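Here is the structure we will look at, set down as structure tokens.
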Amino acid sequence: MDYKEHVRIDLHIHSTASDGTLSPPEIISLAHSLNLGAIAITDHDTIDGSKEALAFGIPTSLKFLTGVEISASFDPSFPCTGSFHMLGYSIRLDDPVLNQALDQLQDARKNRNPKIVKRLNNLGIDISLKDVANEFGEGQLGRPHIAQIMVKRGFVKSINEAFDKYLGTGRPAYVDKYRLGCKRAIEVILGAGGIPVLAHPVLLHIKDKNRFEHLIANLKEIGLKGIETYYPEHPPDLTAYYAKVANRYSLLMTGGTDFHGSIKPDIKMGSGKGDLFVPYELYEKLIK
């Protein structure tokens, strides 16, 4: 019996470099204490989390993949209402094209924040960007940080309520942002020596299986290498379906919790809502 058979991994983790509440060193320490076999820090549109983790040092018992989660947009010929993100694994952190693309995406996030705050102010919610920066620093700020200030000031009772009432797609304070085209996102990851993987396919909100597989076939043609099969919002039947699609199209399978710390208190590193198990063999296949 392979001694790694019962070892969990978590290849979808967010740190304070984007919208998580644990720093990269805290993530490394927690992963080590949970006896995870491998992790990846996949912050939104930034590789600062991976850089800080490597600078801190990785215990020999824990395997580590550099990572990122890029905000992508659907091809105009394939419109969807869901959330389209591309994970990139084992990327070269000093790749100039990757860094330039991420700088562009981070600038778009910064330019979006004042518009969100202005809309909230017009709705009678008196907060400022200075309030957000004072609380969380001048790093990569976004909607989750704004939502936390709204909770702290008593405008909403929870982060979920902030998104459901104000900040989510289609809500009164929602402002869209610039994203990389899906083809460009895949090209950038491949160019940095990385492995592009479609993140949380359930959040694409594609109900029709033929339509979903048509998308996967198109993405594979432009360089997609894997599907995030294991995810807290994927029930067992959906996990099995995504595994079948991955096998059908000769794609890798990955999995992770989308851990954000206290922003998503019901999601635990390594186990999601308590029942997620991402097998170590997926990491082994990924690094091959």
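Per-residue answers, yes or no, for (1) closer than 26 Å to residue 97 by Cβ; (2) of a type in the set (Asp, Glu); (3) out of contact with any Ser or Thr (no Cβ under 9 Å at 6 or more places or on another chain):
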| residue | (1), (2), (3) |
| --- | --- |
| 147 | no, no, no |
| 160 | no, no, yes |
| 167 | no, no, yes |
| 186 | yes, no, yes |
| 221 | yes, yes, yes |
Given (1) modelled with pLDDT of 95 or more; (2) touching a Leu at 6+ places or on another chain (Cβ under 9 Å); (3) surrounded by 18 or more Cβ atoms within 10 Å (Cβ to Cβ), index of the condition residue 272 fails: (2)
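Of everything in region 196-228, what is assigned to a loop (DSSP other than H, G, I, E, B) and either of a type in the set (Ser, Thr, Tyr) or touching a Cys at 6+ places or on another chain (Cβ under 7 Å) (or both)? Give them in sequence order. Talk me through it step by step, then tell me what you get.
Taking region 196-228 and keeping what is assigned to a loop (DSSP other than H, G, I, E, B), we get 199-200, 205-208, 222-225.
Listed by number, the residues that qualify are 205, 206.
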May I ask you to list the residues in region 269-288 that are out of contact with any strand residue (DSSP E or B) (no Cβ under 6 Å at 6 or more places or on another chain) and within 15 Å of residue 62 (Cα to Cα)? 279, 281, 284, 287
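Quick one: which of 152, 183 is more than 27 Å from residue 268 (Cα to Cα) and of a type in the set (Lys, Arg)? Talk me through it step by step, then tell me what you get.
On the way: 152 fails: more than 27 Å from residue 268 (Cα to Cα).
Only one candidate passes the filter, namely 183.
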Identify all residues within region 202-248 that are free of Cβ contacts under 8 Å to residues at least 12 places away in the same chain and hydrophobic (A, V, I, L, M, F, W, C); write none if there are none. 240
Go through (1) under 15 Å from residue 268 (Cα atoms); (2) assigned to a loop (DSSP other than H, G, I, E, B); (3) out of contact with any His (no Cβ under 6 Å at 6 or more places or on another chain); (4) touching a residue at least 40 places away in the same chain (Cβ under 8 Å) one by one and return the number of the condition residue 20 breaks. (3)
Which residues, taken from region 71-98, are of a type in the set (S, T, N, Q) and either at pLDDT below 70 or not assigned by TED's automatic domain parsing to the domain that holds residue 218 (or both)? 77, 81
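Here is a yes/no grid of residues against (1) surrounded by fewer than 18 Cβ atoms within 10 Å (Cβ to Cβ); (2) in a helix (DSSP H, G or I):
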{"site": "242", "(1), (2)": "no, yes"}
{"site": "247", "(1), (2)": "yes, yes"}
{"site": "253", "(1), (2)": "no, no"}
{"site": "257", "(1), (2)": "no, no"}
{"site": "265", "(1), (2)": "yes, no"}
{"site": "277", "(1), (2)": "yes, no"}
Please give the number of the condition residue 136 fails out of (1) at pLDDT below 95; (2) under 30 Å from residue 206 (Cα atoms); (3) among the aromatic types (Phe, Trp, Tyr). (2)
Name the residues in region 5-36 that are polar (S, T, N, Q) and more than 24 Å from residue 103 (Cα to Cα), would you? 29, 33, 35
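Kindly indicate the residue of region 164-195 that is over 22 Å from residue 42 (Cβ atoms) and either of a type in the set (Lys, Arg) or part of a loop (DSSP other than H, G, I, E, B) (or both) and also modelled with the lowest pLDDT among those meeting that condition. It would help to see each step written out before you state the result.
So the first thing to find is which residues in region 164-195 are over 22 Å from residue 42 (Cβ atoms), and the list is 164-166, 170-176.
Of the ones still in play, those that are also either of a type in the set (Lys, Arg) or part of a loop (DSSP other than H, G, I, E, B) (or both) are 165, 170-176.
Values: 165: 94, 170: 87, 171: 92, 172: 95, 173: 94, 174: 92, 175: 90, 176: 84.
The selected residue is 176.
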Only residues that are touching a Ser or Thr at 6+ places or on another chain (Cβ under 8 Å) and part of a helix (DSSP H, G or I): list them for region 230-240, please. 239
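Can you tell me which residue is farthest from the chain's Cα centre (by Cα) among those in region 155-187 that are polar (S, T, N, Q) and over 20 Å from residue 204 (Cβ atoms)?
Of the residues in region 155-187, the ones polar (S, T, N, Q) are 158, 160, 169.
Applying the additional criterion that residues be over 20 Å from residue 204 (Cβ atoms) yields 158, 160.
On the way: 158: 21, 160: 17 Å.
Going through the qualifying residues, I end up with 158.
The values are calculated or read from the model by the stated rules, or taken from the named source; none is laboratory data. Because the structure is a prediction, the values reported are computed rather than measured. Every residue, glycine as well, gets a Cβ built from its backbone with ideal geometry; the counts of neighbours run over all protein chains shown.
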